[in-house]
Amino acid sequence: MAKALSIDGKRLYSSLAELGKIGAYKDERTGIAGVNRLALTAADGAGRRLVVKWFRQAGLHVTIDKIGNVYGRRRGLEDHLAPVMMGSHIDSVPTAGRFDGCLGVLGALEIIRTLNDAKATTRRPLVIGFFTDEEGCRFGTDMLGSAVATRRMTLAAAYALKDRDGLTVEEELRKIGFLGQEPVGKIKPHAYLECHIEQGPILRHKGLDCGVVMGVQAISWQELTITGKSCHAGTTPMSFRRDAGLAAARLNVALREMTASGRYGREMRAAMGAIRPIPGMVNVVPGRLICSVDLRNPSDALMKKAENDFAKLCKKIAKLDGVTITSRRTAKTPHVPFDKSVQDLIAVQADRLGLSHEPILSGAGHDAQEWSRVCKTAMVFVPGEYDGISHNPREFSTPKQCADGVNVLLGAALALAEER
Ligand code: HGY
Ligand code: MN
Ligand code: MN
């Protein structure tokens, strides 16, 4: 059946555009329309309601679990069998484009729409879904909904997570009307597939149509609280200062030196994305500063080494600048290898469609890394223009790039759905 079917690329692209209008804003510097649908905000709620409406219009049976994950189920001929699941996320970073996560959710929806148009049936049921707070930038830990659904994190721990204003996940889920009733962890898929933009330059630079994702690199997030002494920026002699901002700056430079050193492998990546001096005023030396540290490494052993060495650096710089530095672990996932048989299936589908492809390791975290603990899982990547820029309003993949990726997903999903 896979041979005959192909998705309606125009319908997919207009759904992406439609969803991209929710939480849209004009980037004041470039004038480009970006998307801000931070997890569990009103915009996220509006985006969720639109996609639930589309799920229902496609005849799916919609359920919402207690962490706000949304599932749409399409019956199979042997409906008792475990479903093939496809999905991703529709929450975004505050300066997003309209493809990150949404391509995986609306691509899965387009597959359902295509099957409906063709009055096609599958042996196994299909489930498509979107998962709560994949980005993690509001409540501090990534892949939240998938991590709870696959039991890496307890519901209680997730509910208690707070944003910068002290609002909890539980309160915010209730506020947007997505504090579901379904117990978490009920769905045990036969397999999980996710289509996602690469969010980097590799596929485009190589002129490839898609990527067969081998897995996801290790991710380590921590939040540092640096405490020095707040004082007047004009009257306080430099030798009297215990400047939290200076310590943060030294740590940021040290991170760059670590990645350049090669001691942690050529692929180690680090970022201090969130830096919040308190009180953050021009004439006050910051006595306190909260900053994030995001480390990535394909090797768990080298990640461990980097974390240990960074902790030693914190001690050294704390002494040098007369500040204290405490660290709070906010996210930590190992390198996750995807299932080889599902990767091979994706490659076969790309070949069938005459699409060029190569294996690729994901630099970004994805919901698939969580589902790979409960069922055989892999992903298909779609190239991005402008060096694959992402987490930025300039994020862009062409209609053909998106349609090609989702047609590969279609073929792989149908093959898995016919498995006994
Ligand atoms: O941070 C990540 O890797 C993903 O975009 N959430
Ligand atoms: Mn994503
Ligand atoms: Mn993202």
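The values are calculated or read from the model by the stated rules, or taken from the named source; none is laboratory data. Please read all numbers here as calculations on a predicted model, not as lab measurements. Positions of Cβ are generated from backbone atoms using ideal geometry, with glycine treated the same way; all protein chains shown enter the neighbour counts. Each accessible area value is taken on the protein alone, full model and side chains, heavy atoms only, with ligands, DNA and RNA left out. Shrake-Rupley method; radii C 1.70, N 1.55, O 1.52, S 1.80 Å.
Within the stretch 176-209, how many residues turn out to be more than 16 Å from ligand 3 (Cβ to nearest atom), touching a Ser or Thr at 6+ places or on another chain (Cβ under 8 Å), within 25 Å of residue 344 (Cβ to Cβ) and not aliphatic (A, V, I, L, M)?
3
For the structure I just gave you, tell me whether residue 403 is more than 16 Å from ligand 3 (Cβ to nearest atom), buried (at least 16 other Cβ atoms within 10 Å of the Cβ), closer than 17 Å to residue 126 by Cα and assigned by TED's automatic domain parsing to the domain that holds residue 143.
No.
Please state which one of 65, 79, 44 is within 16 Å of ligand 1 (Cβ to nearest atom), of a type in the set (Asp, Glu) and within 24 Å of residue 185 (Cα to Cα).
The unique qualifying residue is 44.
Could you tell me how many of the residues in the stretch 179-220 are open to solvent by 40 Å² or more (accessible area, probe 1.4 Å), part of a strand (DSSP E or B) and either closer than 29 Å to residue 327 by Cα or in contact with a helix residue (DSSP H, G or I) (Cβ under 9 Å, 6 or more places away or on another chain) (or both)?
Looking only at that region, the number is 1.
Pull up the stretch 47-98, narrow it to residues that are among the basic types (Lys, Arg) and part of a helix (DSSP H, G or I), then point me to the one that is least open to solvent (accessible area, probe 1.4 Å).
48
Considering the stretch 1-46 alone, what residues qualify as being part of a helix (DSSP H, G or I) and in contact with a Cys (Cβ under 8 Å, 6 or more places away or on another chain)?
9, 12, 13, 16, 19, 20 - these are the residues of the stretch 1-46 that are part of a helix (DSSP H, G or I) and in contact with a Cys (Cβ under 8 Å, 6 or more places away or on another chain).
Assess whether residue 139 counts as being within 21 Å of residue 167 (Cα to Cα), assigned to a loop (DSSP other than H, G, I, E, B), within 16 Å of ligand 1 (Cβ to nearest atom) and touching a residue at least 12 places away in the same chain (Cβ under 8 Å).
When the stated conditions are applied, residue 139 passes them.
Identify, from the list 295, 289, 320, 345, the residue that is aliphatic (A, V, I, L, M), surrounded by fewer than 19 Cβ atoms within 10 Å (Cβ to Cβ) and at pLDDT 95 or above.
On inspection, the qualifying residue turns out to be 320.
Residues 396, 381: which one is farther than 30 Å from residue 291 by Cα, surrounded by 16 or more Cβ atoms within 10 Å (Cβ to Cβ), touching a helix residue (DSSP H, G or I) at 6+ places or on another chain (Cβ under 8 Å) and not hydroxyl-bearing (Ser, Thr, Tyr)?
Residue meeting the stated conditions: 381.
List every residue pair whose Cβ atoms lie under 8 Å apart, where the two residues are 6 or more positions apart in sequence or sit on different chains, the first residue falls within the stretch 282-302 and is assigned by TED's automatic domain parsing to the domain that holds residue 272, and the second residue, located anywhere, is within 16 Å of ligand 2 (Cβ to nearest atom) and not in a strand (DSSP E or B).
Close Cβ pairs (under 8 Å, with a partner that is within 16 Å of ligand 2 (Cβ to nearest atom) and not in a strand (DSSP E or B)) amount to 292/273; 294/273; 296/217; 296/363; 297/217; 298/217.
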